[in-house]
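The values are calculated or read from the model by the stated rules, or taken from the named source; none is laboratory data. This structure is a prediction, so every number in the text was calculated from the model and none was measured. Cβ atoms come from the backbone with ideal geometry, glycine included; neighbour counts cover every protein chain shown.
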């Protein structure tokens with residue numbers, strides 16, 4: 001079974017693009033004619049909500065699956081739409097896999113012992129059900145995890161990752177302004193809390209290093225903190241780094257790739273800037289067919305073309321920043 | 001709208017019992033004849049799995065709802081059974097509410113900004129769907145939260161809690177052996193990381209203090225760490241404390257109530273010891289009717305009686321420990 005880190009880096013190389021598309025759906029992001037189509041059906045409102053979200057996700061994937069190696073659905077946005085929303089999440093993951101994209105489940109799970117095993121089984125593993133068959137529930141390729149509970153909370157994810165060729169990204173330095181409330185507290189030995197977390201990540205991942213030299217145990221380090229990214233890369237030479245905070249949250253291309261080594265070792269997330277690219281394009285009718293052909297050979301709708309254009313701009317921005325390193 | 005802390009303390013007082021029943025279902029916990037009933041139907045295996053889990057939860061609630069003020073479903077155990085499992089979670093929460101129990105959603109969510117708002121809306125709030133109606137998805141009374149991301153990750157939960165009369169419990173010192181990997185690191189100012197987290201909890205909760213003198217922003221502090229519990233109570237005089245780790249994980253009654261003040265201020269969780277009480281009772285056939293009458297006036301099955309007996313033993317153990325304080 002192929003190591004997750006090798007698999008992700010292979011897809012990044014094939015696309016020549018270290019981008020992951022965050023799929024964090026809100027009804028506000030979707031062009032209103034598409035919403036209206038579903039409003040005017042006899043389908044129940046909760047089901048219609050989930051269907052339009054899945055339809056939008058599917059069309060975004062159709063616009064970029066040759067360009068972008070991975071998606072990162074944020075579980076909160078599906079959970080907020082209830083059981084039907086979670087069904088849309090499951091269908092989105094399945095669809096991305098059909099298109100050969102890697103799926104990073106952004107769930108930030110954390111618990112201990114058998115509970116952590118339950119989460120790991122739910123998201124990257126399998127659960128035995130009543131007829132003794134084992135079922136994969138969400139079937140993601142990797143999952144984000146919060147390490148505040150220590151190794152007891154990580155080990156069950158490591159075990160499933162090892163058995164199934166999956167991965168995890170542990171929060172080290174998050175992209176938000178108040179990340180430092182806890183993460184920047186200074187320890188008596190001079191380290192900061194997030195540096196201590198980074199040391200744990202490097203140690204916890206030592207058994208899952210692939211042929212690429214990177215481990216399937218990665219870290220989350222926000223693009224909004226390039227200095228910290230350089231610092232944690234020294235502590236975690238083997239960790240793949242998942243980098244949120246590019247674009248909307250203020251991180252530049254140069255900031256986003258600060259932790260890369262020889263042009264690799266990380267993947268940069270963009271959510272709103274890709275999902276809502278059409279909102280910045282007055283030249284485009286989001287629901288009208290354009291002349292641009294997508295990867296499946298069909299003409300793209302306006303909002304799809306806007307997302308594809310933004311994906312190309314972002315790819316070129318990141319690659320230019322990598323060349324300058 | 002009544003403050004959550006006041007509401008929970010009111011129910012604890014009415015039951016004279018600071019216990020919360022953890023509902024962390026696994027098929028292994030359920031007597032095999034009940035499993036077999038569902039195996040031998042034409043219902044799909046994933047649905048049958050969820051149905052038997054809900055049936056077991058419902059019968060456990062029926063056995064103790066006059067004795068125990070609250071349930072704490074651990075989301076991982078439902079997520080592991082997929083979409084049908086999450087449906088069983090939703091039904092369990094609804095059923096507990098019918099029986100006047102308070103529901104603590106043990107989800108340990110953590111994220112920032114609009115994503116944290118999405119989680120808060122999903123679990124303790126409401127989401128606007130396609131027909132512009134607002135729907136409550138899981139409708140719990142409060143939720144566990146991980147504060148590693150700082151106030152950006154807490155504020156959205158605080159806002160929903162304030163608006164809806166709900167609460168949150170923030171992880172401070174977890175019950176597991178490796179809790180100290182991060183939580184016990186010593187800061188240069190002499191505090192430990194979990195003490196710094198406790199200070200945040202006290203500050204973040206200052207606006208949600210009820211007539212009881214306790215805040216709807218509480219903390220999770222494991223029963224396995226009574227010395228730390230005494231220490232954090234000094235730092236957080238207003239926090240309600242949710243205490244896991246009693247029984248199966250090794251915490252005694254005395255350990256569990258170490259953070260109580262004048263006999264109150266905390267709620268002690270027990271999961272396996274209540275859910276699987278029948279496994280320790282060779283004198284009981286788990287599926288046979290007993291002569292004991294439950295709170296709804298019907299005879300209890302063997303496993304229900306075992307859980308009720310254990311609930312009474314635990315209540316008396318905690319109250320005896322409180323008397324000795």
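Given (1) in contact (Cβ under 8 Å) with a residue 24 or more places away in the chain; (2) more than 16 Å from the chain's Cα centre (by Cα), where does residue A:93 come up short, assuming only one miss?
That leaves (2) as the condition not met.
One line per residue, one yes/no per condition, for (1) modelled with pLDDT under 95; (2) farther than 24 Å from residue B:149 by Cα; (3) surrounded by 18 or more Cβ atoms within 10 Å (Cβ to Cβ):
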position: A:229; (1), (2), (3): yes, no, yes
position: A:252; (1), (2), (3): yes, no, no
position: A:260; (1), (2), (3): no, no, yes
position: A:268; (1), (2), (3): no, no, yes
position: A:275; (1), (2), (3): no, yes, yes
position: A:285; (1), (2), (3): no, yes, no
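Tally the residues that are under 22 Å from residue A:73 (Cβ atoms) and facing chain B (nearest Cβ under 9 Å), restricting the search to segment A:155-178.
Of the residues in that region, 4 qualify.
Take the residues in segment A:1-46 that are in contact (Cβ under 8 Å) with a residue 24 or more places away in the chain and at the interface with chain B (Cβ under 9 Å from one of its Cβ atoms); name whichever of them is nearest to residue A:318 (Cα to Cα).
Per the criteria, the residue is A:24.
For segment A:1-88, please list each of the helices (runs of 4 or more DSSP H) lying entirely inside it that holds at least 2 residues being buried (at least 22 other Cβ atoms within 10 Å of the Cβ).
A:4-15, A:45-64, A:75-79
Count, please, the residues in segment B:271-297 that happen to be over 23 Å from residue B:20 (Cα atoms) and touching a residue at least 24 places away in the same chain (Cβ under 8 Å).
Number of matching residues: 1.
Select, from B:111, B:106, the only residue that is buried (at least 22 other Cβ atoms within 10 Å of the Cβ) and assigned to a loop (DSSP other than H, G, I, E, B).
B:111
Looking at this structure, is residue B:180 buried (at least 20 other Cβ atoms within 10 Å of the Cβ), farther than 17 Å from residue B:154 by Cβ and at pLDDT below 95?
It is false that residue B:180 is buried (at least 20 other Cβ atoms within 10 Å of the Cβ), farther than 17 Å from residue B:154 by Cβ and at pLDDT below 95.
Which of the residues that make up segment A:102-122 are farther than 19 Å from residue B:148 by Cα and touching a residue at least 60 places away in the same chain (Cβ under 8 Å)?
A:102, A:104
Please state which one of B:77, B:56, B:95 is closer than 20 Å to residue B:19 by Cβ, in contact with a helix residue (DSSP H, G or I) (Cβ under 8 Å, 6 or more places away or on another chain) and within 9 Å of chain A (Cβ to nearest Cβ).
Just one listed residue meets the conditions, B:77.
Are any residues in segment A:157-175 part of a helix (DSSP H, G or I) and surrounded by 24 or more Cβ atoms within 10 Å (Cβ to Cβ), and if so, which ones? Walk me through how you get there before you give the answer.
Within segment A:157-175, the subset part of a helix (DSSP H, G or I) is A:157-164.
Answer for segment A:157-175, where residues must be part of a helix (DSSP H, G or I) and surrounded by 24 or more Cβ atoms within 10 Å (Cβ to Cβ): A:157, A:161.
Going through B:149, B:182 one at a time, which residue ends up being under 19 Å from residue B:110 (Cα atoms) and not in a loop (DSSP other than H, G, I, E, B)?
B:182
Hey, can you tell me all the residues within segment A:241-250 that are at pLDDT 95 or above and farther than 18 Å from residue A:325 by Cα?
Going residue by residue through segment A:241-250, those that are at pLDDT 95 or above are A:241-243.
Correct list: A:242 only.
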